[in-house]
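The values are calculated or read from the model by the stated rules, or taken from the named source; none is laboratory data. What you see is a predicted model, and the numbers here were worked out from it, not measured in a lab. Note: ideal-geometry Cβ built from the backbone for every residue, glycine included; neighbour counts use all protein chains shown. These accessible areas exclude ligands, DNA and RNA; they are computed on the full protein's heavy atoms, side chains included. Shrake-Rupley method; radii C 1.70, N 1.55, O 1.52, S 1.80 Å.
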Amino acid sequence: VSPAKPPVVDPHFEAKLRVAEASLAYIHTGMRLGLGSGSTAELMVKALGREVARGLKIVGVPTSRRTAKLARAAGIPLVDFSTGTRLDVTIDGADEVDANLALIKGHGGALLYEKIVANAADQLIILVDGSKRVQRLGKTALPIEVIPFAEPCVREALERLGAVVTTRLSTSGRTYRTQAGHLILDAAFGSIPDAQALSTTLDATPGIVEHGLFLDMATRVLVSEGREVITLTHPERPR
Ligand code: A5P
């Protein structure tokens, strides 16, 4: 009999829980909410479910099947954009955050839906533990969602831009497919000196459906530092 595998413990669990709970302060009855994906957003969805059970009246647009399933289980009513294209607030996690609230997202693979839902919201509130703060974006790989037919072309274009490119695999070792059926290329730049210029280049590259640079989108970032939750707001977007 092989020994049981030890449970995987997330060292940032408490920090994620703290920001997830803090985000509830921005949610009020009557709101239409975007519900992000990833472990931090999932803690927020669970906390939100608890408030719905206590009488909070909101509806949510989920950014992934996984979040939708979790939200349904938590008793959160879900809608889609056919009921209206504007959302009051989207709450999501991120993989990197810089001092200007520019983000890298998509390590969880949901970046396309996440960007659509973030863009539909009046406010984008991002929840991170302190380990996600960076001086300059690019410490981790930038996820890029690509149409399979274009993979070699996009790969070459990214390599010309200086990235080391890996096609994402699923945990079973097969090529990872997003919810929309695309591939993800993880582009490691080491450091991204001009995120705006890179974003413009990627936006103009045929075959790239979306990329994980979320610039000028976040209105507020809640960061768990030690036992505190600190709030970062953009000087030009103080909401
Ligand atoms: C999902 O595609 C991502 O954009 C997540 O928001 C990001 O990976 C953060 O995930 P965690 O909260 O699990 O760190």
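Miscellaneous remarks
- Residue within region 86-100 that is closer than 21 Å to residue 194 by Cβ, open to solvent by 70 Å² or more (accessible area, probe 1.4 Å) and either in a strand (DSSP E or B) or within 15 Å of the ligand (Cβ to nearest atom) (or both) present: no
- Any hit, region 30-50, residues being open to solvent by less than 50 Å² (accessible area, probe 1.4 Å), of a type in the set (Ser, Thr, Tyr) and either modelled with pLDDT under 95 or not in a helix (DSSP H, G or I) (or both): yes
- Restricting 104, 27 to residues that are away from the ligand (no atom under 12 Å from the Cβ) and touching a residue at least 12 places away in the same chain (Cβ under 8 Å) narrows the list to 27.
- Residue 71 vs. criteria over 30 Å from residue 187 (Cβ atoms), part of a helix (DSSP H, G or I), touching a Pro at 6+ places or on another chain (Cβ under 9 Å) and more than 10 Å from the ligand (Cβ to nearest atom): yes
- Restricting 145, 210, 156 to those that are modelled with pLDDT of 95 or more, among the charged types (D, E, K, R) and outside any strand (DSSP E or B) reduces the list to 156.
- Restricting region 51-63 to residues that are within 20 Å of residue 119 (Cβ to Cβ) and over 17 Å from the mean Cα position of the chain (by Cα), the residue that is least open to solvent (accessible area, probe 1.4 Å) is 58.
- Test: residue 127 is out of contact with any helix residue (DSSP H, G or I) (no Cβ under 9 Å at 6 or more places or on another chain), within 19 Å of residue 37 (Cβ to Cβ) and either among the aromatic types (Phe, Trp, Tyr) or open to solvent by less than 10 Å² (accessible area, probe 1.4 Å) (or both): no
- Residues of region 107-128 classified as under 20 Å from residue 10 (Cβ atoms) and more than 8 Å from the ligand (Cβ to nearest atom), total: 1
- Boolean, residue 142 is among the hydrophobic types (A, V, I, L, M, F, W, C) and either away from the ligand (no atom under 15 Å from the Cβ) or open to solvent by 10 Å² or more (accessible area, probe 1.4 Å) (or both): no
- Hits in region 180-194 - residues which are small (Gly, Ala, Ser) and surrounded by fewer than 15 Cβ atoms within 10 Å (Cβ to Cβ): 180, 181, 190, 191
- Filtered residues of region 31-56 (kept if among the basic types (Lys, Arg) and within 26 Å of residue 130 (Cβ to Cβ)): 46, 50
- Leading residue by the ranking (modelled with the highest pLDDT) among those in region 219-239 that are surrounded by fewer than 15 Cβ atoms within 10 Å (Cβ to Cβ) and not in a strand (DSSP E or B): 227
- Residue in region 160-179 that is within 24 Å of residue 63 (Cβ to Cβ), in a helix (DSSP H, G or I) and open to solvent by 40 Å² or more (accessible area, probe 1.4 Å) present: no
- Candidate set: region 64-81, residues that are of a type outside the set (D, E, K, R) and within 13 Å of residue 42 (Cβ to Cβ); chosen: the one most open to solvent (accessible area, probe 1.4 Å): 73
- Residue 90 hydroxyl-bearing (Ser, Thr, Tyr), within 24 Å of residue 233 (Cβ to Cβ) and touching a helix residue (DSSP H, G or I) at 6+ places or on another chain (Cβ under 7 Å): yes
- Looking only at region 12-21, residues that are open to solvent by less than 30 Å² (accessible area, probe 1.4 Å) and among the hydrophobic types (A, V, I, L, M, F, W, C) come to 3 in all.
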